[in-house]
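Quick notes on the structure that follows.
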Amino acid sequence: MYAIGDQKMIDAINANTEGLAEKLMERGIAWKANSVEEAAQAAGLDAAVLAETVKTFNGYVDAGVDADFGRTAFNGKVEDGTVYVVKLQSAYHLTFGGLTIDAQTRVLNTEGNVIPGLYAAGDAVGNFEGDIHQSGFCITQVLWMGRTAGQVAAK
Ligand SMILES: Cc1cc2nc3c(=O)[nH]c(=O)nc-3n(C[C@H](O)[C@H](O)[C@H](O)COP(=O)(O)OP(=O)(O)OC[C@H]3O[C@@H](n4cnc5c(N)ncnc54)[C@H](O)[C@@H]3O)c2cc1C
């Protein structure tokens, strides 16, 4: 997919990570141009389709709602002037799921009973992360689970 925007989008990207937009351009996955049509050409997209898409999007900004997807929060229209196209690709960062353990890292069966002699730690475990990923949480889990599993198993 492609993100299309003007200077506002680039400022927002750079506000999070200084110089990121320029790095993306250096890597050839973002393009800067003077109009939507030129931006489409630089990115290898159909200029007429992109111009129509931008026009439709700007209409949604005016209306305060995106009739296609129900979006209501916007960072303004894609204005004439400097236009950017950024190529995006979705990726799975992590998956969560796996064995269920207790606080001593002993693996539990489907009835919630300890399976003797079986311990698990780190990403093999599915029941400690909860529904929301917290950055940094995994490494701390890995450390205490590995240490705990070793200690409990040694006993
Ligand atoms: C892109 C990315 C960014 C992340 N950023 C963060 C972060 O900022 N903070 C944070 O807390 N967590 C982060 N994580 C999550 C964190 O890295 C993992 O939760 C953690 O590394 C899991 O550790 P682990 O020891 O359970 O598994 P792993 O680190 O996956 O270790 C498993 C090891 O077992 C080896 N192995 C597999 N099969 C075999 C086999 N049959 N025989 C022998 N060896 C085998 C593998 O080669 C690997 O070295 C990130 C993960 C990713 C992918």
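Please treat every number below as a calculation from the coordinates, not as lab data. Everything numeric here is computed off the predicted structure, so don't read it as measured data. Backbone-built Cβ (ideal geometry, glycine too); neighbour counts: all protein chains shown.
Quick look at the numbers
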| read-out | value |
| --- | --- |
| All positions within region 80-103 that are within 16 Å of the ligand (Cβ to nearest atom) and outside any strand (DSSP E or B) | Q89, S90, A91, Y92, H93, L94, T95, F96, G97, G98, T100 |
| Residues satisfying the stated conditions in region 133-150, i.e. within 7 Å of the ligand (Cβ to nearest atom) and farther than 21 Å from L108 by Cα | S135, G136, F137, I139, T140 |
| Candidate set from region 104-132 (those that are touching a residue at least 40 places away in the same chain (Cβ under 8 Å) and assigned to a loop (DSSP other than H, G, I, E, B)); member that is farthest from the ligand (Cβ to nearest atom) | Q104 |
| Tally of residues being out of contact with any strand residue (DSSP E or B) (no Cβ under 9 Å at 6 or more places or on another chain), assigned to a loop (DSSP other than H, G, I, E, B) and either closer than 15 Å to A3 by Cβ or among the acidic types (D, E) (or both) across region 59-75 | 5 |
| Residues of region 3-19 satisfying the condition of being in a strand (DSSP E or B) and crowded, with 19+ Cβ neighbours inside 10 Å | I4, G5 |
| Residues within region 81-125 that are polar (S, T, N, Q) and surrounded by 13 or more Cβ atoms within 10 Å (Cβ to Cβ), tallied | 4 |
| Residue in region 31-40 that is away from the ligand (no atom under 16 Å from the Cβ), assigned to a loop (DSSP other than H, G, I, E, B), more than 30 Å from S135 (Cα to Cα) and touching a Ser or Thr at 6+ places or on another chain (Cβ under 6 Å) present | no |
